[in-house]
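I have placed the structure first, in the form of structure tokens, so that the comments after it can refer back to it.
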Amino acid sequence: MFCTKCGYNAGTAKFCPKCGSPLNPQPAQETPVQPVQETPVQPVQETPVQPVQETPVQETPVQPQFGATQPQFGATQPQFGATQPQFGTAQPQFGTAQPQFGTVPPYTGDIPRYQPASQMPPQPKKKKKWPIVVAVIAALAAIIAVLGVIFVPKLKDSLSPDKHAKAAIKNLGSNFEQTVNNSIDNMSAVSISDKNEISGSIKIDTATFNNQKYSDYVKADTLSYNIQADASTQKIAGDVKLQSGSSVLLTVSFYSDGTNVYFKVPEFFSESFTVSLAQLTDSTNISIDSSLSDLSMYMSMFDSSSIDLYKEPIKAAAQCIAKGIDTFAEECEYNKAGELTYQTDNGEIKVTEYGVTVTKAALTNAVNTVIDELYADKSMSSYMSLLTMAGVSQTSLKTEFAELVEDMKPVKFNMYVDKDEEIVRVSINAKDYDASEEGIIAVSFIGKESKLNHVVFEAEADDTTMKYDIKSESNKCVVAFEMSQDKEYIKAGLECTNLGINSVKIDNMYINCDIDDAKFDVKLSVDSTQKEFSSLKYSSSNFANPINVNKITEAQSYTLQMELVQNINVLSKILSDKVYNQLIYGTSIN
């Protein structure tokens, strides 16, 4: 028979040998039996069973008595709950002691034993729970320790007042490296030829000199040009035209073979002219052949094939400099001044102000880092070897720089950093060095898409102020310069539109000045296009039988004078009527 409480196979026993529950209990005669299921005996499996032989109930096992000694469940049955008997000394101990329910004295009735305790099969021990708890606590402690090692320094950095300042300077280094890399990649993707043709025009929109308008003197308002230059052969050819609107008033066509310059002005003369470059250099102090030679060298440096040779070393050098900037950021001293709102031309920017002190050690360590990185980089090894051959070593470079900054005093400046850890403004105040001085030098980075898209340089000392503003957005570029002292000033700038990789249009170029007795206001519009050409448009054969300007004969001079008189009316289209009448008839301009 199976026990209804614990499921143990008790055979023909009246009581379960395992949990002591009665099997086939007799109905109550005097007092209704309290349903056992309402107050179930706690299952033994919930509490680990201790082997009986380890904690015997009695020294001599008691044989269970069947029959007359069997307790009658009914009137004499103990009430479970507050009147539950204590199965202490008489009941075999099946595991740990039963919990004490209430305060009823222990029940000493004769409890039948069905089997000696020594003959009961040993019950398996259940593992104690405390080793698992200890292991969990130990694991948690280990995790906390690891997290402490990893994150506490980072948390300390995030709470550190100079964390954002350092990050901003380091971002400046990484941005510098990225800009160099992008520029080199873009340059290597574009092939720059020695043979370049530049076309464009310069138009005078407004020109006033001391309250005198440009149009009072000249009718022509546009200078157009088309110039071809072959830097490899030092040959150049082209046309320069003076126009009024779209009407061409005067043309100068020219060609140079590197030795002589040939030109002609067809509106005035039918003849062509020539002059040697040496003579032209002597009279103008401009070495044209040397300029073309330099141009050829510069063009070859920017050729895509040449750029590919220098790409990796240039990128490596930029990376070395960025690492030096990182060292500089770590070595500087910082003082957090507070939060403020910086007013700019692009609106308000929330920033944190820091006072930064550049020490001699900070600058020296930064430069030493760059030197070490340059010598350690394999891409730079050949260039560093050239320096070594020239007597310049890694050690000597450091020594020379240390001597250069030996007397350096700490340099202080203010730095403003936005929420993205980017530098918005850097300024140096003269009062930080001399309390009696007034003046400031500052540079602001206030671009919307990128901080470098709008850069403003400012300086102020005594009664002199200066501002240089560079703004680049989309395909537009604006450059403006202002400088003033007392009531005198000069303003200049230009607004450009990038029409393509080889085309630029200057929508407005201006200069406005009021210095001493000189007042002028000029506004120009310029466009320019560059492309590669296959062959020069002119050669020496296009200037047949040229007159040597330095060896002109009297006959040639007379012929030229006669042609000039015959074509003098060309000047009436170029010059204003007032100027033309004075030139021809000797009348006053006023």
Report summary line: Within the under-11-Å Cβ sphere about Ser540, not counting Ser540, Lys/Arg +1 and Asp/Glu -1 give a net charge of 0
Requested in this report: Compute the whole-percent fraction of alpha carbon pairs in the stretch 331-423 spaced more than 17 Å apart.
Outcome: 64 percent
Query raised in the report: If the cut-off is a Cα-Cα distance under 16 Å, which aspartates and glutamates reach Lys166, setting aside same-chain residues fewer than 8 apart in sequence?
Result: Asp157, Asp326, Glu330, Glu331, Glu333, Glu353, Asp418, Asp420, Glu421, Glu422
Query raised in the report: So how far, in whole Å, is the C-alpha centre of the stretch 371-426 from the one of the stretch 222-271?
Result: 49 Å
Query raised in the report: Could you name the lysines in cross-link range of Lys219, using Cα to Cα under 24 Å and dropping any fewer than eight places away on the same chain?
Result: Lys203, Lys241, Lys264, Lys505, Lys519, Lys523, Lys573, Lys578
Query raised in the report: To the nearest 0.05, how large is the calculated FRET efficiency for Asn186 and Tyr558 if R₀ is 56 Å and r is the Cβ-Cβ distance?
Result: 0.45
Report summary line: Where a ≥ b ≥ c are root eigenvalues of the Cα gyration tensor, a/c under 1.5 meaning rounded, otherwise prolate if a/b exceeds b/c and oblate otherwise, the stretch 372-449 counts as oblate
Report summary line: Residue span Thr357 to Tyr225: 0.36 nm per residue of separation minus Cα-Cα distance leaves a gain in nm of 42.2 nm
Query raised in the report: For the stretch 191-241, what class follows from the C-alpha gyration tensor (a ≥ b ≥ c being the square roots of its eigenvalues): rounded when a/c is under 1.5, otherwise prolate if a/b is larger than b/c, else oblate?
Result: prolate
Report summary line: The pairs in Lys170/Lys336; Lys170/Lys350; Lys315/Lys398; Lys323/Lys350 lying past 26 Å Cα-Cα in this model are Lys323/Lys350
Report task. For Val252 and Asp462, calculate 0.36 nm times their separation in residues minus their Cα-Cα distance, and state this gained length in nm to one decimal. Result -> 70.6 nm
**Report entry** Local electrostatic count at Leu242 - Lys and Arg +1, Asp and Glu -1, tallied over other residues with Cβ under 12 Å
**Finding:** +1
Report summary line: On the formula 1/(1 + (r/R0)^6), with r taken between the Cβ atoms of Ser381 and Ser540 and R0 of 41 Å, the FRET efficiency rounded to 0.05 is 0.25
Report task. Among the aspartates and glutamates, select those whose C-alpha is under 19 Å from the C-alpha of Lys18, and discard any that sit fewer than 8 residues away in the same chain. Result -> Glu46, Glu54, Asp110
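All of the numbers you see were taken from the coordinates with simple rules; none came from a lab. Computed from a prediction, not measured in an experiment: that's the story for all the values here. In this analysis, Cβ positions are derived from the backbone assuming ideal geometry, glycine residues included, and neighbour counts consider all displayed protein chains.
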